[in-house]
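First comes the structure, then the notes that go with it.
The values are calculated or read from the model by the stated rules, or taken from the named source; none is laboratory data. Just so it is clear, the structure is predicted and the values come from calculations on it, not from any experiment. So basically every Cβ, Gly included, is an ideal-geometry build from the backbone, and we count neighbours across all protein chains shown.
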Amino acid sequence: MMRRLKPFLMFSLMLSLLVAGNGQGQVNHPANQPDSSYYRLASTLIDSALAHGRAYAMLQELVRVGTARLSGSPQAAAAVEWAYQTMKALGLENVHRQPVLVPHWVRGEVEYAAIVNSGRFGTVPLSICALGGSVATPETGITAPVVEVHSLEEVEKLGDRVKGKIVFYNRPLDPTQRVTFRAYAGAVDQRTYGAVYAARQGAVAVLVRSMSTSLDDVPHTGAMRYKPDVPKIPAAAISTLDAEFLSRALKADPELQVRLQLNCRTLPDVRSANVIGEIRGSQHPEEVILLGAHLDAWDKGQGAHDDGSGCVHVLEALRLIRALGLKPARTIRGVLYMNEENGLRGARAYADSARNSGLTHLVAIESDRGGFTPRGFTVGGTDDVLARIQRWAGLFSEIGADRIVRGGGGADISPLKKLGTVQMGLVVDSNRYFDYHHSDNDTIDKVNQRELELGAASLAIMAYVLSMEGI
Ligand SMILES: [Zn+2]
């Protein structure tokens with residue numbers, strides 16, 4: 001779907017094309033400085049994104065057809081179909097669905113928790129939701145005393161003092177972390193492994209403080225794990241405000257009990273798919289610059305930031321490159337992965353197929369940090385690789401997205417590491433991401449159109465330059 005370009009865009013584009021690239025996929029330029037033609041091209045891509053960007057409109061479509069698109073759900077199937085049709089409509093090449101068998105966990109209709117049997121508080125409902133993968137409680141629920149802890153180690157130390165009780169993990173995200181992803185990484189062990197550690201000591205259920213940077217009434221779900229040799233106990237997230245309340249209530253009345261009822265369950269695996277489309281390289285089609293994001297989302301909110309924004313970043317980056325008539329020297333391939341949130345099956349399936357594809361995946365760039373203002377990129381690998389990517393920082397400086405720093409790429413592209421693929425991530429402002437992440441608050445009204453379009457432009461610029469210059 002080629003859009004008509006405004007005359008000024010077309011003019012600057014022609015100028016750019018006259019000087020950008022010599023048709024051999026190589027551009028001569030002084031050491032450590034991008035050729036000036038790349039500056040003009042970057043500016044043109046940004047102009048095009050701001051004047052005619054389609055990322056936000058595509059996000060509106062995605063959250064409409066596939067809200068709460070957890071792996072295995074009908075909404076996830078609708079999102080796959082939407083992504084496939086959208087890639088076709090954008091005129092991408094080699095558009096196809098790569099089959100993936102995915103887990104199918106469903107939340108069920110019953111999610112209830114309350115403080116009960118407290119002389120002081122009476123019955124007080126608590127705002128909770130099941131963690132992804134949790135087993136159900138018995139139909140009549142679980143009613144038990146509560147032990148508050150702040151770490152997995154504390155549960156081990158308490159030993160059988162948690163036996164027969166509900167373990168309540170209440171360590172908040174560290175607010176002094178400059179990047180909220182570090183705060184999340186520093187707290188998420190409670191959600192992932194809390195049930196295993198508690199069950200080992202005989203606990204009957206766990207409540208985990210939501211992995212949120214805001215104090216509000218909304219619980220945040222997310223993946224949790226069991227181990228084969230440890231009993232499976234139900235696990236739920238509690239809103240940050242109710243975590244604070246429960247903590248105070250326990251100090252006032254240590255004998256209080258909590259009643260928990262969940263009827264979530266795991267159904268048989270479901271056939272689903274990664275969705276793939278590309279712009280074939282004009283000089284080195286067998287060398288791939290991969291742009292990745294995940295199509296699935298938790299069954300809370302709309303998955304607008306996580307990772308609807310990443311999906312439309314990828315689609316729009318490809319559209320922008322095509323709309324300007326650019327001919328990448330290497331193949332730029334978009335992969336919208338299935339099942340990042342609770343299994344990573346799509347990521348593994350793609351990496352397995354890449355191994356024998358005859359293609360060389362030079363670099364993969366993931367967008368899975370939300371649709372906020374772009375700040376730059378993370379790069380994994382050697383100092384030399386980092387330095388080579390940092391050469392392009394100036395192309396992003398007019399929009400302030402020029403921080404190119406060491407860091408991981410993202411979960412979806414991580415299995416490509418073993419093929420030697422350089423891992424990169426699109427970095428956006430992280431301050432609000434965990435206010436919304438995995439909760440009913442992750443809705444499209446939290447996504448700013450201009451910020452989203454600039455993220456897509458950043459991805460387009462980096463993808464195009466890498467396609468021309470390689471790593
Ligand atoms: Zn995500």
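Would you point out which residue out of 347, 387 is surrounded by 22 or more Cβ atoms within 10 Å (Cβ to Cβ) and either outside any strand (DSSP E or B) or not assigned by TED's automatic domain parsing to the domain that holds residue 88 (or both)?
Unique residue meeting the criteria: 347.
Taking the stretch 437-471 on its own, how many of its residues are in contact with a Lys or Arg (Cβ under 7 Å, 6 or more places away or on another chain), surrounded by fewer than 22 Cβ atoms within 10 Å (Cβ to Cβ) and either of a type in the set (A, V, I, L, M, F, W, C) or not in a loop (DSSP other than H, G, I, E, B) (or both)?
Here the count works out to 1.
Cβ-Cβ distance below 7 Å, separation of 6 or more or different chains: which pairs start in the stretch 277-294 with a residue that is assigned by TED's automatic domain parsing to the domain that holds residue 90 and farther than 15 Å from residue 460 by Cα and end on one that is among the hydroxyl-bearing types (Ser, Thr, Tyr) and within 16 Å of the ligand (Cβ to nearest atom)?
Short answer, once both residue conditions are applied: 294/337.
Yes or no: the stretch 354-366 includes at least one residue that is within 12 Å of the ligand (Cβ to nearest atom) and in contact (Cβ under 8 Å) with a residue 12 or more places away in the chain.
The answer is yes; a qualifying residue exists.
Restricting to the stretch 317-333, give me the number of residues that are of a type in the set (D, E, K, R) and buried (at least 24 other Cβ atoms within 10 Å of the Cβ).
The number of residues fulfilling the criteria is 3.
Pick from 284, 294, 313: which is in contact with a Phe, Trp or Tyr (Cβ under 6 Å, 6 or more places away or on another chain) and modelled with pLDDT of 95 or more?
294
Take residue 297 and tell me if it is in contact (Cβ under 8 Å) with a residue 12 or more places away in the chain, in contact with a strand residue (DSSP E or B) (Cβ under 8 Å, 6 or more places away or on another chain) and within 16 Å of the ligand (Cβ to nearest atom).
no
Here's a check for you: in the stretch 410-423, which residue that is over 11 Å from the mean Cα position of the chain (by Cα) and within 13 Å of the ligand (Cβ to nearest atom) is nearest to residue 275 (Cα to Cα)?
That would be 413.
Among the residues of the stretch 300-332, which ones are in a loop (DSSP other than H, G, I, E, B) and within 16 Å of the ligand (Cβ to nearest atom)?
300, 301, 302, 303
Within the stretch 282-291, is there a residue that is surrounded by fewer than 24 Cβ atoms within 10 Å (Cβ to Cβ), away from the ligand (no atom under 16 Å from the Cβ) and under 18 Å from residue 38 (Cβ atoms)?
Yes: the stretch 282-291 contains one or more residues that are surrounded by fewer than 24 Cβ atoms within 10 Å (Cβ to Cβ), away from the ligand (no atom under 16 Å from the Cβ) and under 18 Å from residue 38 (Cβ atoms).
Pick from 452, 395, 426: which is away from the ligand (no atom under 16 Å from the Cβ), among the hydrophobic types (A, V, I, L, M, F, W, C) and out of contact with any Cys (no Cβ under 9 Å at 6 or more places or on another chain)?
395
How many of the residues making up the stretch 177-199 are among the basic types (Lys, Arg) and within 26 Å of residue 112 (Cβ to Cβ)?
The number of residues fulfilling the criteria is 1.
Answer with yes or no whether residue 45 is over 18 Å from the mean Cα position of the chain (by Cα), touching a residue at least 60 places away in the same chain (Cβ under 8 Å) and surrounded by fewer than 23 Cβ atoms within 10 Å (Cβ to Cβ).
No: the conditions fail for residue 45.
Would you point out which residue out of 106, 124, 95, 102 is surrounded by 15 or more Cβ atoms within 10 Å (Cβ to Cβ), of a type in the set (A, V, I, L, M) and in contact with a Ser or Thr (Cβ under 6 Å, 6 or more places away or on another chain)?
That would be 102, the only listed residue that is surrounded by 15 or more Cβ atoms within 10 Å (Cβ to Cβ), of a type in the set (A, V, I, L, M) and in contact with a Ser or Thr (Cβ under 6 Å, 6 or more places away or on another chain).
For residue 236, all conditions in the list (1) assigned to a helix (DSSP H, G or I); (2) within 20 Å of residue 121 (Cβ to Cβ) hold save one; what is the number of the exception?
The single condition residue 236 does not satisfy is (1).
For residue 434, work out the one condition from (1) assigned to a loop (DSSP other than H, G, I, E, B); (2) in contact with a helix residue (DSSP H, G or I) (Cβ under 7 Å, 6 or more places away or on another chain); (3) over 22 Å from residue 319 (Cβ atoms) it doesn't fulfil.
Going through (1) assigned to a loop (DSSP other than H, G, I, E, B); (2) in contact with a helix residue (DSSP H, G or I) (Cβ under 7 Å, 6 or more places away or on another chain); (3) over 22 Å from residue 319 (Cβ atoms) one by one, residue 434 breaks only (1).
Considering the stretch 401-418 alone, what residues qualify as being touching a helix residue (DSSP H, G or I) at 6+ places or on another chain (Cβ under 6 Å) and in a helix (DSSP H, G or I)?
Once the filter is applied, which keeps residues that are touching a helix residue (DSSP H, G or I) at 6+ places or on another chain (Cβ under 6 Å) and in a helix (DSSP H, G or I), the stretch 401-418 yields 415, 416.
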